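To keep things clear, I will list the structure first and then write my remarks on it.
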Amino acid sequence: MSIVRHEGLQQITCDSCPAAFGETYADEDFGQMIADVKAARWLVRPVNAAAAARNDRSTQDLFGSAPRIAGGKAQQKFTHTCPACAKAARDQRGSLI
Ligand SMILES: [Zn+2]
């Protein structure tokens, strides 16, 4: 879950931890929301197609019946990462030697 909607408002949450950006926005303020989270050093990145395919929860190829749609996550086109997780990922990359 990356963008949560509730009663006409939306909020960005981190894909790697329970953190949420501290502001909520009306649907028409989507562009402002993205600009604000980027300004707060959140990472907003397109999901690459290969990773998105691995997250497909369809069982049609296994069982040949109708694909499962109930309870599936809506496909997100972007990932959102809070500054703390982004920093942790950066630190981890440099720690192998
Ligand atoms: Zn996070």
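Search the structure for amide H atoms under 5 Å from the amide H of Ile3, placed 1.01 Å from N in the peptide plane, and list their residues when 5 or more places away or on another chain.
Thr13
Quick one: net charge around Gln10, please, counting Lys, Arg +1 and Asp, Glu -1 for every other residue with C-beta under 11 Å from its C-beta. Intermediate values should be presented prior to the final figure.
Numbers: positive: Arg5; negative: Glu7, Glu23, Asp27, Glu28, Asp29.
So the environment of Gln10 carries a net charge of -4.
Apply the Karplus parameterisation 6.51 cos²θ - 1.76 cosθ + 1.60, with θ equal to phi minus 60°, to every residue of segment 15-20 and state each ³J(HN,Hα) to the nearest whole Hz, in sequence, with x for glycine and proline.
Residue by residue, segment 15-20 yields 7, 10, 7, x, 5, 10 Hz.
Within 13 Å, Cβ to Cβ, of Leu43, how many net charges do the neighbouring residues add up to if Lys/Arg are +1 and Asp/Glu are -1? Walk me through the intermediate numbers first.
Values: positive: Lys38, Arg41, Arg45, Lys87, Arg90; negative: Asp15.
Residues close to Leu43 contribute a combined charge of +4.
Pull up all non-local amide H partners of Thr79: gap of 5 or more, or a different chain, and H-to-H distance under 5 Å with H placed in the peptide plane.
It is Arg45, Val47, by chain and number.
Expected output is a single nm value to one decimal: the length gained when fully extending between Ser16 and Ala88, i.e. 0.36 nm times separation in residues minus the C-alpha distance. What is it? Provide the component values of the computation, followed by the final result.
Details: separation 72, 0.36 × 72 = 25.92 nm, distance 1.05 nm.
Working it through step by step, the gained length comes to 24.9 nm.
Every read-out reported here was derived from the displayed coordinates using simple, explicitly stated rules and does not represent laboratory data. Note that the coordinates shown come from a computational prediction; the quantities given were computed from them, not determined experimentally. Please note: Cβ atoms are built from the backbone with ideal geometry, for glycine as well, and neighbour counts cover all protein chains shown.
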